[in-house]
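**Q** Before anything else, here's the structure in question.
FYI, it's all coordinate maths here, none of it is from the lab. Just so you know, these numbers come straight off a predicted model, no measurement behind them. FYI the Cβ positions are ideal-geometry reconstructions off the backbone, even for glycines, and counts take in every protein chain you see.
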Amino acid sequence: MFLSSDDVKAIADQVLAHSRADACAVHIHGGLDQSLRFARGGATTNLASAEAILRVSSHICGRIGSCSISRFDGEALAAAVVRSEEIARMLPVDPDYVAPLGPQNYGFSNRYDEATANLRLDALANAAARVIEEGARIGVDTFGCATTARRFNAFATSAGLFAYERRSEIDLSATARNRADSWSGWAGAHQFFADRLDAERIARVACAKGAHDATPVDLEPGAYTVVLEPDAATELTFWLIRAMEARAADEGRSFFARPGGGALIGEKLFDEKLTIRVDPADPLAPEAAVGFEGLPQRARAFVENGVVTTLYRSRAWAQRTGSEAIPFARNFVMSGGDVSIDDMVRSVRRGVLVTRFWYTNVVEPKSLLLTGLTRDGNFLIENGRIVAPMRNMRFNQRLGDLFSNIKALGPTRRTWRAAGDGGAPAAPAMLVEGFNFSSKSSGI
Amino acid sequence: MALAATPSTTEASCRGRSAFALDRALLYDLADVALTAARQGGASYADLRIGETRRQYAFAKDDRLENFDERASQGFGVRVLLDGCWGFYGARRLDVHSLRDGVERALENARAVRPIQFQPIELERLPAHETEWIMPMVVDPFDAPAGEKADLLLSIIASARDHGADFCSASLSAACEERFFANSLGSRIHQTRTRVAPSFQATAVDRASGRFATRDCLAPARGAGWDYVLGAGLVEEAARAGEEARAKLDAKPVTQGDYDVVIDPTNLWLTIHETVGHSTELDRVLGWEANFAGTSFVKPNMLNELRFGSELMTIVADRAQPGALATIGFDDDGAPAEAAEFAIVEKGMFKNFQMALGQAHLIGLSHSNGCAYADSPTTFPIQRMPNISLKPNPQKCSFDDLISDVENGIYVIGAGSWSIDQQRDNFQFGGQLFYEVKNGKLGDLLRDGAYQGRTTQFWNSLAGLCDASAYHLDGTFTCGKAEPVQLAPVSHGSPPALFRNVRVLNTSDDA
């Protein structure tokens, strides 16, 4: 259920008027999601789903109780306030109690387009049809998903904050499998503006990657030079960003913890080519202007020329440590270079081109040892040329080593995220040496 | 027909009972409105889910309760089959106007996909049921006071920190799903079930070296009430966890190699889930998940042909185990729990896929087997696992018996990091605790282990099982699948099991 700023303000005002607590905070978010899936060249499932959730948090004598509801009539709003106050009175006093935010200055994040927001399912069927037609044209089976979302996110507090932000999203991802079911390719894209989504390109890339009939070659486990396409690079960078939490570092529970105590802020931990920034005004991958806890997202670097410059920090931990609260970022931009994927491939004597990864997970958080598998477009490179499709492999790779060993970067590109979660990362292709494949997989 | 604008209940968060909250007469009336509108709109089949989900989540870290949230959300989802095309629409408002509008949008969606529906959806005719089902429960977790839950979490944390942990976080999740299902074949099914998930993580840090170790809670999520949480011994377990997290810092690193691996049910449930549960989902086999969750190494022609594992391996599906997370009277297609009682693997041979409505005929079978779930009334029901469990050894076998002939092995307890390929073949699973097994006896604690394998090779190496006295039911609230992602609760039971010649890795920084 998509609500306008005025609608949300009216609802939030009702909630705040009901409050008898010392302070009160309201978070309302929701919207309309539509998606369509297809497999073997035809539709399977689809949905349109209108959702909205209101969370009221009542602050009473240093305690916070919260209650969330999906009905916004007067009776339900009043009952939620009462219940949140009832919960608050039952809880222990919070030693790190933080009062609700007052008015904030937010930047503007250009992530909403009325035309995209008003798309219906037929637009997704049209996008899917581009993939299905391309698959039929070149003789591969096609599978995929197209999604649109029209979302809002709002905060209001008894301290005077009112923040409202909206976004529109569309994504299309496609997998192509050869008719022998022995090889697959993938491509995908996500945009806030539908006219920037190139369905034909996604169809061409996925189907071209999947159209290989040669038996995939097996590679022995070991350390290899890899060319990571932007979606693969994004997956690894995401885990790095996720680990950049100040509290874990301060407490010695993190890759970013200094032995003996403290966080490794200001240390050069990575290759100087690594720069990761977050910016609501970034034209390629804008982060939301309104961040977690209602904090403003500012333009900032988390890693600059290999040096750790920022760790994200909750309001409570910032208060305890006397530091600045910095909201976690869903979106990031990893700075790129000017080396094309073709040029990267030309520079590799023996290595692997990776389209994307699957089921990545941290194995050992201190060293940021990550495991996962290649998927949907793994190719063997020999003497500067792609010579064959290559069977998928499991990797076990320390991210610190990987991001310290970047040999070249391509231009930064927006990468795929499923529409609905607001994610819009951007990363370049990366040429990396010494990537550790640990075992073979038969999974295609 | 005069209908109330909304269900005649107050917000669910103000209640605290395990019976139905939604008004039955209103549900029947809304169903008639929606299904009549669907039929008049040309739908050859339609179904409707109306429901309410209540959730509670509390999280504490070290000395503070960071979050306590209670949520109640209502909604409906209507699914129509029009000219062989599915159309679906879900929303939160429960009134006649919203239901009628929802049917119109579902029909519009079905028409929208017609240009790419080259193979019409075909459905088997499920028998109609008019019934209700309520999960038995002793104490509704929503009846327990918030303060009692906060106190429990802080006690767990204090216990871990008093016994060696530098840090500890603890959480408690509870959910109650009430669902009303109606379809154009005449079914009217009203159900409710409740589940709880206690959790904590104790962390010990060696500041000088910069190393740290964690030990997670081993108490599983269950289809149960507050009495289960209170009886789970969480404070006592947290004390052990604190000691074990500290001990892991000084434990011997695992030496990488091939071992006989004895796997505790607290770890094996996840291996069953990933390697057997997901690989035998027919929608994956048909390619419906190829773009995200993946396909499967299991193919339709492998029914009754594939030797999945050793003779000791019998894996069964059910929706009836008391306390299990997927236990319910009817699935989200309206199929009864009895349909979901089948062997997936019997004495090592692959016997059955899991199927939802509209899938069985695609592999030449006549009927599906009760494996549908939608994680909200507002989401499209898809094929999901019932409870899937490894049967214990029918012969008497204690844990001591199981390890008695293991000369050089490793015993794995608790689930750690996990990963498996998209066809469910190559996997790597960590754990919470690793112990040496030497000459038939448990030995020293080890650290930094993970085991890696290929699914059928692994299950064919199954060489020993404990009997039913060691059976343990584990599970998760959050099995992810589909686009958009849906989260399903599911349980997996097993006894401790012995696997021969399994690759064990060392994951430590200094190995």
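**Q** Quick check on packing: order A:418-427, A:312-321 by the mean number of other C-beta atoms within 10 Å, highest mean leading.
**A** A:418-427, A:312-321
**Q** For region B:370-376, take each phi angle, set θ = phi - 60°, evaluate the Karplus expression 6.51 cos²θ - 1.76 cosθ + 1.60, and give the result in whole Hz per residue in order, putting x for glycine and proline.
**A** Listing the rounded values in order: x, 10, 10, 7, 10, 6, 7 Hz.
**Q** Still on this structure: What is the list of residues in region A:422-444 whose amide nitrogen lies under 19 Å from a point 7 angstrom out from the Cα of A:R346, following Cα to Cβ?
**A** Backbone N within reach: A:429-432.
**Q** Rounded to the nearest 0.05, what FRET efficiency do A:N105 and B:D444 give with R0 = 60 Å and r taken as the Cβ-Cβ distance? Could you check?
**A** About 0.55, to the nearest 0.05.
**Q** What ranking of A:C67, B:C479 emerges when the number of other C-beta atoms within 10 Å of each C-beta is taken as an exposure proxy, fewest first?
**A** By the 10 Å Cβ count, ascending, the order reads B:C479, A:C67.
**Q** Please report the orientation-averaged projected area of the protein assembly as shown, defined via the convex hull of its C-alpha atoms, in nm².
**A** With the hull built on Cα positions only, its mean projection is 34.0 nm².
**Q** With a cap of 13 neighbouring Cβ atoms within 10 Å, and only residues DSSP puts in a loop, list the GluC sites (Glu not before Pro) found in region B:87-180.
**A** Here the GluC sites (Glu not before Pro) that fit, given the DSSP loop and packing criteria, are B:E122.
**Q** Okay, next question. Among the DSSP beta bridges whose two residues both lie in chain A, what percent are antiparallel, rounded to the nearest 5?
**A** 95 percent
**Q** Need one word for chain A: rounded, prolate or oblate. Basis is the Cα gyration tensor (sqrt eigenvalues a ≥ b ≥ c); a/c below 1.5 gives rounded, then a/b vs b/c decides.
**A** Taking the square roots of the gyration eigenvalues as a ≥ b ≥ c, chain A is oblate.
**Q** What percent does the relative contact order of region A:5-210 come to when contacts are Cα pairs within less than 8 Å and at least six residues apart?
**A** With pairs under 8 Å counted, the relative contact order is 22 percent.
**Q** Could I ask something else about it? Do the sum for chain B: with -39,500 (n - 2.57) for every DSSP H run of n ≥ 4, divided by all residues, what is the mean residue ellipticity at 222 nm, to the nearest 500 deg cm²/dmol?
**A** About -5500 deg cm²/dmol.
**Q** Separate question: If Lys and Arg each add +1 and Asp and Glu each add -1, what is the summed charge of the other residues whose beta carbon sits under 12 Å from the beta carbon of A:G62?
**A** My count for the surroundings of A:G62 gives 0.
**Q** What order do you get for B:V490, A:V217 when you list them from fewest to most C-beta neighbours inside 10 Å?
**A** A:V217, B:V490
**Q** Another question, if that's okay. In degrees, nearest 10, range 0 to 90: what is the angle between the Cα axis of helix A:121-138 and the longest Cα principal axis of chain A?
**A** That helix lies at roughly 10 degrees to the long axis.
**Q** OK, next. Give, to the nearest whole percent, the P(r) tail of region A:214-444 beyond 34 angstrom, counting all Cα pairs.
**A** In whole percent, the long-distance tail amounts to 16.
**Q** According to the square roots a ≥ b ≥ c of the eigenvalues of the Cα gyration tensor, what is the shape class of region A:167-245, taking rounded for a/c under 1.5, prolate for a/b larger than b/c otherwise, and oblate for the remainder?
**A** Since a/c reaches 1.5 but b/c is at least a/b, the shape of region A:167-245 is classed as oblate.
**Q** Follow-up question, since we're still on this one. For region A:68-132, which chymotrypsin sites (Phe, Trp or Tyr not before Pro) are in a loop by DSSP, counting at most 12 other Cβ atoms within 10 Å?
**A** A:F108
**Q** Loop-only check: which trypsin sites (Lys or Arg not before Pro) in region B:348-441 are DSSP coil with at most 15 other Cβ within 10 angstrom?
**A** B:K396
**Q** For chain B, what does the alpha-carbon gyration tensor say about shape, rounded, prolate or oblate, given a ≥ b ≥ c as the root eigenvalues, a/c under 1.5 as rounded, and a/b over b/c as prolate?
**A** Verdict is oblate for chain B.
**Q** Would you work out the relative contact order for chain A, in percent, from Cα pairs under 8 angstrom that are 6 or more residues apart?
**A** With pairs under 8 Å counted, the relative contact order is 15 percent.
**Q** Spin-label point model (7 Å from Cα, Cβ direction): what's the A:R137 to A:D6 distance in nm?
**A** Spacing of the two 7 Å Cα→Cβ label points: 4.7 nm.
**Q** Determine the gain in length on full extension of the stretch A:A78-A:Q14; use 0.36 nm per residue of separation and subtract their C-alpha separation, reporting nm with one decimal.
**A** 22.2 nm
**Q** Also: Summing -39500 (n - 2.57) over the DSSP H runs of n ≥ 4 in chain A and dividing by its residue number, what mean residue ellipticity at 222 nm do you reach, to the nearest 500 deg cm²/dmol?
**A** The helix contribution divided over chain A gives -6500 deg cm²/dmol.
**Q** Of the listed peptides B:159-169, B:222-232, what is their order by residue-averaged count of other C-beta atoms within 10 Å, with the highest listed first?
**A** The most tightly packed comes first, giving B:159-169, B:222-232.
**Q** Next up: Exceeding 31 Å between C-alpha atoms, which entries from my cross-link table qualify? They are A:K407/B:K61; A:K273/B:K481; A:K209/B:K351; A:K209/A:K407; A:K440/B:K61.
**A** A:K407/B:K61; A:K273/B:K481; A:K209/B:K351; A:K440/B:K61
**Q** Moving on to the next point. Please give the residues of region A:4-19, grouped as numeric ranges, whose backbone N is less than 15 Å from a label point set 7 Å along the Cα-to-Cβ vector of A:R89.
**A** A:19
**Q** Okay, next question. Testing the spin-label approximation: label points 7 Å from Cα along Cα→Cβ at A:I386 and A:R320. State their distance in nm.
**A** 4.9 nm
**Q** Separate question: Can you give the FRET efficiency for B:A343 and B:V138, using 1/(1 + (r/R0)^6), R0 = 30 Å, r = Cβ-Cβ distance, to the nearest 0.05?
**A** E(calc), rounded to 0.05, equals 0.40.
**Q** Please give the average number of partner chain Cβ atoms lying within 10 Å of the Cβ of each residue in B:280-293, rounded to a whole number.
**A** 5
**Q** Hey, another quick one. Hey, what did region B:12-250 get for relative contact order, percent, Cα under 8 Å, at least 6 apart?
**A** In percent, rounded to a whole number, it is 21.
**Q** Okay, moving on. Express as a percent, rounded to the nearest 5, the fraction of DSSP beta bridges in chain B (both residues included) that run antiparallel.
**A** Once the DSSP bridges in chain B are tallied, antiparallel ones form about 90 percent.
**Q** Hey, fewest Cβ within 10 Å first, where do B:V485, B:V502 land in order?
**A** By the 10 Å Cβ count, ascending: B:V485, B:V502.
**Q** Mind checking A:48-56 for the average number of partner chain beta-carbons within 10 Å of each residue's beta-carbon?
**A** If you average over the peptide's residues, the count of other-chain Cβ atoms is 6.
**Q** While we're looking at this one, here's another question. When averaged across all projection directions, what area in nm² does the alpha-carbon convex hull of region B:253-506 cover?
**A** 12.6 nm²
**Q** Per residue of A:25-35, what is the mean number of Cβ atoms on other protein chains within 10 angstrom of that residue's Cβ?
**A** Average neighbour count from other chains, rounded to a whole number: 2.
**Q** For the protein assembly as shown, give the share of DSSP beta bridges that are antiparallel, in percent and rounded to the nearest 5; count only bridges with both residues there.
**A** The antiparallel fraction comes to roughly 90 percent.
**Q** Can I ask one more? So, counting K/R as plus one and D/E as minus one, what does the shell of residues with Cβ under 15 Å around A:W317 add up to?
**A** -3
**Q** Residue by residue through region B:220-232, what is 3J(HN,Hα) from phi via Karplus (6.51 cos²θ - 1.76 cosθ + 1.60, θ = phi - 60°)? Round to whole Hz and write x for glycine and proline.
**A** With the stated coefficients, region B:220-232 comes to x, 5, 9, x, 6, x, 5, 4, 5, 4, 5, x, 7 Hz.
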